[in-house]
Every structure is written in C-alpha cells, then in structure tokens.
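The values are calculated or read from the model by the stated rules, or taken from the named source; none is laboratory data. All values derive from a computational prediction rather than experimental measurement. So basically every Cβ, Gly included, is an ideal-geometry build from the backbone, and we count neighbours across all protein chains shown. In case anyone asks, the SASA skips ligands and DNA or RNA and just uses the protein heavy atoms, side chains included. Shrake-Rupley method; radii C 1.70, N 1.55, O 1.52, S 1.80 Å.
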Amino acid sequence: MTDNKNYYAVIMAGGVGSRFWPMSTSTYPKQFHDILGVGQSLIQRTYERINDLIPSKNILIATNERYEKLVLEHLPKVKKNQLLLEPAMRNTAPCILYAALKIYNQNPDAVILVAPSDHWIDNEAEFTKNIQTSFNACSKADILMTLGIQPDAPNTGYGYIKFKKDASEIKKVKNFTEKPNLETAEKFLESGDYLWNAGIFIWSAKSIIKAFKNTLPEMVAVLDDENNVYNSDFENDFIKNNYSKCQNISIDFGIMEKAKNVHVLPVDFGWNDLGTWGSLHSKLEKDDAQNAVVGAQTIFRDAHGNMIRTQSGKKVIVQGLSNFIIVEKEDVLLICPREAEQDIKQITADVREEFGKDFV
C-alpha cells in the first residue's frame, strides 16, 4: 500500500440497483450484498482494491444518508468523517463536486479516483497499475480522465467513448455516445475507435473544480461556500440545507460530454458492471448447459442458460426451462425470462403498488 498523501478516492455507493431485485432493495441495495458468493460484499471488495494504492484515510464514501449505518458496518476502517451523506438523490455530478470541494479543502494538490461501489474487476493488479498511470498523468496536466474498457461484444447496455487513434498510451476523447442500438454498437465495435464507458474517473481536485466552474457554475455557487465549511463542524448542516438545490444531472452529461480536455486510458482488467442478472450470469462459472448458480443446490433436467440465485443450500430442481432468471430472497420469488431482465425495474414499481414498499 502507498503512503502517497496526495492520492484520494471517492467510492459512489448511493444507488439502489433496482435491476437486481429482489436481492437488491432500497433498504439493502446490491453494493452491500455478496452477489457472486465470494465472501465479501461488492463495496468491501471495491474498498480493498482501492486501498491497495490509496491510504485508508483518503478514501471517501458518497452515499445516501439512509445507508450511513450499512457503510460503517461493511467498512470498519472508514470513519464517519469520510462519509459524504447525500440528503437527496441528485445523480452523480453534485456528489462529485461535493467530494472535490471537501478534498481540495484538505489538500489542494490531491488527485482523485472516482469509482462505483458495485462493479467487479478480475485483474486487480492491472487495475491498480492503470490508476497509477492515470494519477501520474493528472498530477502533471489539466486533464479529466476516464478508463475505457476494450469491448468484446456489441453491447447496447453501455455508453461508448470514441477516441483519437495515435501511438500515445492515453488517448484524447473525441466524443461520448449514450447506450446505442444494436446496429450502431456493431459499427462501433467494427471500427476499433470505441471503448465502453465504465464510469471510473481520475482527475486532480483543481481540474475537476475548474471544469465545474466552466460548465456548471450554478452548482458551484450552491456548494462552494466561502467560509471554508468543509471538514468543519458546520459541513453536515451546510450540505443538508443546500444539496437539494443542486441540479439533478450526471457527471457524464454535466461535465464529461462538454469538457475539451477529456482523455481515456484503454484498459483490459476483466471488468463487469454487474448491472443486471444477465451480467451476473455472464460473469459466473456455468455448467455444460450454461446454467449459473449462486447459493442453491440444483438439479437441472433439460434446462439451459438459466440464472439461479437463492439462499444458501436451498434445493432447486428445474425441468424443461431455458434462459430464465430465478431468484429467491426470504419471502419473495422472482421468475423472469432473461431476455426481459430490463423489465425488472418496472416490475418493482408494480410490486410496490401491490405489496407495499417493504418488498422493494
């Protein structure tokens, strides 16, 4: 582990992960679950990976205020003053600005990694090497960096980054494209000019605050307090009173798609955003019939391509079923075709109406 005092990280842990219902709920979202059955929750694995490079005291956790207790339970090394508690859901731009201002107040020379709490990375040594490369670049130049994943399929569930082809390791970004249709995604893959947008960012505190002043000055006016409120006893009250006044906008829309100094490092460290049951199915080991199982003891008969997730040791027999998601959690059972997994978010709305909010 490094002792570099200028290295900071912000782990984004405020999402609900509604496409992972019924395991992920608003009271206990997916980042606090051991989705892959490896003995650690996703947020614990993310923290340990980042802590390989960044000192514990410099890792901040941005989350909704209702998850404060969960974060502290899962991450015993984290102190209360390392939590950025969002009193309202305002997407990623406001909490990234909040984090940058707080970190800048501590250390104007800081370089910051911003990473989601619920992604999976196979090759953690390669990830650490890539972050070190990015920190080195952002320490020397006024640039905003992101990591771009080498695409291996025309996936329509990810945003894409078009980069300028040249011999340099870090590429200039030409533009971002939101989730494309299949035909467009196939063209992107064919061209070799595109990477998946993993939502992992690196920049200096100075550069990201400057970018906010250029493109979202109203947000800076709301959160940049002249009285040095950050890291003081008044910070929490200030955030409670002001945070909800911020525009509800993502860092991609608010900053990255408008800034002229965006660069990307193409990476290949076995990344999976674990955004849906289908993405979990693709990550897990499967039997000869492409069935993936977590938790259950299973017998498959004439069954192919299924994703099964139950409480530990539940005996599940599947006969004549192909390409289904079967998830059991306590008193809820979900059975859904894999091809309809994007409907799970809508299903949770129906469940809320029928059974009440406790189930979602």
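Among the residues of segment 164-176, what is the count of those that are under 14 Å from L144 (Cα atoms) and open to solvent by less than 100 Å² (accessible area, probe 1.4 Å)?
Going through segment 164-176 one residue at a time, the tally reaches 6.
E65 versus (1) under 19 Å from I209 (Cα atoms); (2) surrounded by fewer than 19 Cβ atoms within 10 Å (Cβ to Cβ): which is the lone unmet condition?
(1)
Taking segment 315-332 only, how many residues are of a type outside the set (S, T, N, Q), at pLDDT 95 or above and either in contact with a Phe, Trp or Tyr (Cβ under 8 Å, 6 or more places away or on another chain) or open to solvent by 70 Å² or more (accessible area, probe 1.4 Å) (or both)?
Final tally of qualifying residues: 5.
Report, ordered by the first and then the second residue, all pairs with beta carbons closer than 8 Å, sequence separation of six or more or different chains, a first member in segment 68-83 that is closer than 16 Å to Y8 by Cβ, and a second member that is open to solvent by 100 Å² or more (accessible area, probe 1.4 Å).
Taking only residues 6 or more apart or on different chains, the pairs are K79/K57; Q82/K57.
What's the number of the condition N228 fails, among (1) closer than 14 Å to N105 by Cα; (2) under 23 Å from the mean Cα position of the chain (by Cα)?
(2)
So which residues in segment 111-129 are open to solvent by 10 Å² or more (accessible area, probe 1.4 Å), part of a helix (DSSP H, G or I) and touching a residue at least 40 places away in the same chain (Cβ under 8 Å)?
Selection gives E124, E126, T128.
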